[in-house]
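Here's the structure, in structure tokens; my notes come after.
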């Protein structure tokens, strides 16, 4: 098996980060933690992680938290500020797990690729926003390993045939907490209802994205970029049980599906060890028990996010960054009580429609992506402010 792989975990105090450290904890002969990065909001948890895994390098986005850590953890190198995660990502570890939230993960994604590390990517937003910029940064074809359960499933299923034999990819979606509800019934959805996911335990932003199916929309773009499959050959099907995580249909009509209990430690372990598997990550099925799995078409009238994602990719290389940034702003406003649930997708649609790419040329630069994101965030905030004013005045 060789020496243990060194790992940097970005977003170590989040759901994916904690589960990744659990995989590492159970497999000390396979993995060792080189560095951790987090926002700095939960210093107690982060400090405990540093001490348990004997980490000597830590990055936090919050400068104040960095000062506290430096005093609390003598002998540990502490970097703080907006570029701290990129510093950790660029340390040259064997594997960098990017489990950060949102497009703030783009800089660390590029830093990890530039350092030659394998990028275990759980931060889909950085690929969606960066697009070709991220793909061009790869130094080898297998340098990016997906950690999202759907894309991990596709990567596993693709081993069953050659690229030329692939007919289409099928992403499965749980349907979220509002599956089966018509569009008219979604206007009064509350924050608490949107955060009540039927299958997965995730952070609030990802959970709301699952409720709007915006998460699936981002995953369609991610699958298109990761696997170089045209969007018209990527389908979404609703699978409420979340046991089959995605499928690949081949040219002869055969469909290969990856099934496992809904436990994120399995795709995380694959991301860390790829192309190898880590034994005993999660229990398998008892196939002697009766079980039923169902599949339903996606209701695109009630949940238009996936179609919006397709339109974003078709519009320009910068539109996906606008799409994602506008959604991040809209989700934050919804969670703060300043936007009704249907307003999330409505805001994204409006911002996308107003965006006109500049004359950056055929190449996609980091500056152009960041400018497009900044414009989208400002435009979304203005649009939501106007929407809130209209609602508040009763007009």
Listed residues 139, 292, 300; largest mean-square fluctuation, Gaussian network over the chain with Cα springs below 10 Å, found at 292
Taking the Cα centre of each part, how many Å lie between segment 293-333 and segment 121-156? 18
Would you look at the GNM of the chain, springs on alpha carbons closer than 10 Å, and say which of 86, 211, 70 moves the most? 70
Can you bin the chain into rounded, prolate or oblate? Criterion: square roots of the alpha carbon gyration tensor eigenvalues sorted a ≥ b ≥ c, rounded for a/c under 1.5, prolate for a/b above b/c, oblate for the rest. rounded
Apply the a/c threshold of 1.5 to the C-alpha gyration tensor of segment 99-257 and tell me whether it is rounded, prolate or oblate. oblate
Given springs between every Cα pair under 10 Å in a Gaussian network model of the chain, which of 39, 271, 164 has the largest fluctuation? 164
Just from its helices, what would the mean residue ellipticity at 222 nm be for the chain, if runs of 4 or more DSSP H residues each count -39500 (n - 2.57) and the sum is divided by every residue, rounded to the nearest 500 deg cm²/dmol? -13500 deg cm²/dmol
In whole Å, how far is the Cα centre of segment 194-270 from that of segment 58-85? 35
Extent of segment 266-348 along each principal axis, from alpha carbon coordinates, in Å, largest to smallest? 47, 32, 31
Calculate, for residue 252 and residue 310, the FRET efficiency according to 1/(1 + (r/R0)^6) with r their C-beta to C-beta distance and R0 25 Å; round to the nearest 0.05. 0.40
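Only the coordinates and a few stated rules stand behind these numbers; no lab work does. Quick caveat, the model's predicted, so the values are computed rather than measured. Every residue, glycine as well, gets a Cβ built from its backbone with ideal geometry; the counts of neighbours run over all protein chains shown.
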